[in-house]
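Have a look at this one.
The values are calculated or read from the model by the stated rules, or taken from the named source; none is laboratory data. Note that the structure is predicted; figures quoted are calculated from it, not measured. When we count neighbours, we look across all protein chains shown, and the Cβ atoms used for this are built from the backbone with ideal geometry, even at glycine.
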Amino acid sequence: MEDVHDIALRELLDPLTGHLQEELNSARIAGQRVAILLVKSAAIDQIDAAHGFHAGDVLSSEIVKRLRSRALRKHDGIELLSRDEFVCILRPISSEGISMLAGQRILTLLSEPVEFGDKSAVADAAVGISMFPDHGEDAEVLLQRAKYALQSARKNRDRLCYYETEQTSPPIDQLQYAERLRLALDRNTLSLHFQPQFNLLTGRISGAEALLRWKDDVLGQVPPNIAVQAAESAGLVDRLTLWVITSAIQKNAEFQKISPDFTVSVNISPSNLQEPDLPFYIDRALRTWGVKGGTVVMEITETAIMVDQKKASEALNELKSFGVRLSIDDFGTGYSSIYYLAQLPLDELKIDLLFVRGMLEVPNYAKIVRSLIELAHNLDMMVVAEGVENEDIAAALTHLGCDYLQGYHIGKPMPSQDLITLLRAQPASAKKMD
């Protein structure tokens, strides 16, 4: 017998796929391409749980309003797949690039906070894109491939993903990955790699970002985004993050035997900021390994702050009281980021790699990078540029007065022992990058 949930889902999808198929048939006759943008708001479930379903409905309705009135053209379509998933149909569309620009515009608009009562929240949106006829001519297939792209987008820093034909492997077995991850945490078989950060003032590698690596006996080398996906599905995100924090602090004690003021940066998730014991856990790890709080950097995103601004602010101030440095990551992609720079006890700003990588080709990106560096310095914050992939970008950032560079031009993520070798090889007085 067919499950009642399957029946309900089919009844919901049938009108949508029928309407979409009509659009596709018409586009085929006209020789047009069509883009399917599947937009998901992860915040609606969180808002439901924290403030009630009415608040979630307010956010959902505002998303639809913004998509219809400000993101899409008059002849584009929008359909609701659920309260938190929205299908945008762009017809005609000339290229993949135009569909990506549309996706970026949607994310920018949905980063603006929504007010409900005396509170506000952002959608925490992601966008997956598929294209007709490139990725299929059947409505259901195109929706499925947009969904697959959306799953990847949730793990991408820019929250946007275009479906690629090689993404045809079936979704991972969540139960198996969750079981293996739990086992890896129990047995302490995960590891960290560290991507170096170059200090333009001293001309030395003086910090690194800690990045998770998971090589499993059964699953093989598991990509970081899949590891996070498995942790989310198994409710292991907090435990995984705490393992990363502890391991990063422990490794930094080793790095500081060579470079006493070496810093290690760790990403923390929105749910971590809601955990009241996080600051005390970090303080205990610092004291256990004899590492100064000022040499540990907790990286947060604007989205993490906005899930619950009050709790996030309390957690950040608590961390600050233990001497931990605070960095806002992926900066430049949010609508109200400047507000948080002024309100929160931040020490560092990381410019999003989207702007850094494109700053030599897109004049406006270079202007954004220059403005962010000046703004951060005026607020007594240090600036890290991510995505530094060649000498020309490094030289441009040096000219603009950036403080730290991170990217493949500086060094790829590496095991801790390789970083130790790199630190030992540095001269006592390094030459500054010109």
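Looking at segment 406-434, which of the residues that are within 17 Å of residue 201 (Cα to Cα) and of a type in the set (S, T, N, Q) is modelled with the lowest pLDDT?
My answer is 429.
Got a sec? Which strands (runs of 3 or more DSSP E) wholly within segment 182-231 have at least 3 residues that are assigned by TED's automatic domain parsing to the domain that holds residue 299 and over 18 Å from residue 421 (Cβ atoms)?
Where strands (runs of 3 or more DSSP E) fall fully within segment 182-231 and carry at least 3 residues being assigned by TED's automatic domain parsing to the domain that holds residue 299 and over 18 Å from residue 421 (Cβ atoms), they are 204-216, 220-222.
Moving on to the next point. For segment 39-87, which positions are small (Gly, Ala, Ser) and in a helix (DSSP H, G or I)?
43, 49, 50, 55, 56, 60, 61, 69, 71
Any chance segment 382-405 includes a residue that's touching a strand residue (DSSP E or B) at 6+ places or on another chain (Cβ under 7 Å), more than 29 Å from residue 258 (Cα to Cα), modelled with pLDDT of 95 or more and of a type in the set (A, V, I, L, M)?
Scanning segment 382-405, I find no residue that is touching a strand residue (DSSP E or B) at 6+ places or on another chain (Cβ under 7 Å), more than 29 Å from residue 258 (Cα to Cα), modelled with pLDDT of 95 or more and of a type in the set (A, V, I, L, M), so the answer is no.
Here's a follow-up. Name, by its number, the condition in (1) modelled with pLDDT of 90 or more; (2) in the same structural domain as residue 32 (by TED's automatic domain parsing); (3) among the charged types (D, E, K, R) that does not hold for residue 158.
(1)
Which of the numbered conditions does residue 78 fail, given that it passes all the others? Conditions: (1) in contact with a Leu (Cβ under 7 Å, 6 or more places away or on another chain); (2) under 25 Å from residue 232 (Cβ atoms).
Only one criterion in (1) in contact with a Leu (Cβ under 7 Å, 6 or more places away or on another chain); (2) under 25 Å from residue 232 (Cβ atoms) is unmet by residue 78, namely (2).
Residue 84 - would you say it is in contact with a Leu (Cβ under 6 Å, 6 or more places away or on another chain) and acidic (Asp, Glu)?
So residue 84 does not fit the description; no.
Within segment 92-131, track down each residue that is under 19 Å from residue 64 (Cβ atoms), surrounded by 20 or more Cβ atoms within 10 Å (Cβ to Cβ) and not β-branched (Val, Ile, Thr).
102, 103, 107, 110, 111, 121, 123, 124, 125, 126, 128
Hey, could you check segment 218-263 for residues that are in contact (Cβ under 8 Å) with a residue 24 or more places away in the chain and basic (Lys, Arg) and say which is nearest to residue 279 (Cα to Cα)?
Across segment 218-263, the extreme among qualifying residues is 239.
Of these, 349, 372, which one is closer than 16 Å to residue 263 by Cα, modelled with pLDDT under 95 and surrounded by 14 or more Cβ atoms within 10 Å (Cβ to Cβ)?
Of the residues listed, the single one that is closer than 16 Å to residue 263 by Cα, modelled with pLDDT under 95 and surrounded by 14 or more Cβ atoms within 10 Å (Cβ to Cβ) is 349.
Scan 308, 277 and give me the residue that is modelled with pLDDT under 90 and surrounded by fewer than 16 Cβ atoms within 10 Å (Cβ to Cβ).
One residue alone meets the criteria, 277.
Follow-up. Which of the residues spanning segment 232-260 are part of a loop (DSSP other than H, G, I, E, B) and either under 19 Å from residue 287 (Cα atoms) or at pLDDT below 90 (or both)?
Within segment 232-260, 235, 236, 256, 257, 259, 260 qualify.
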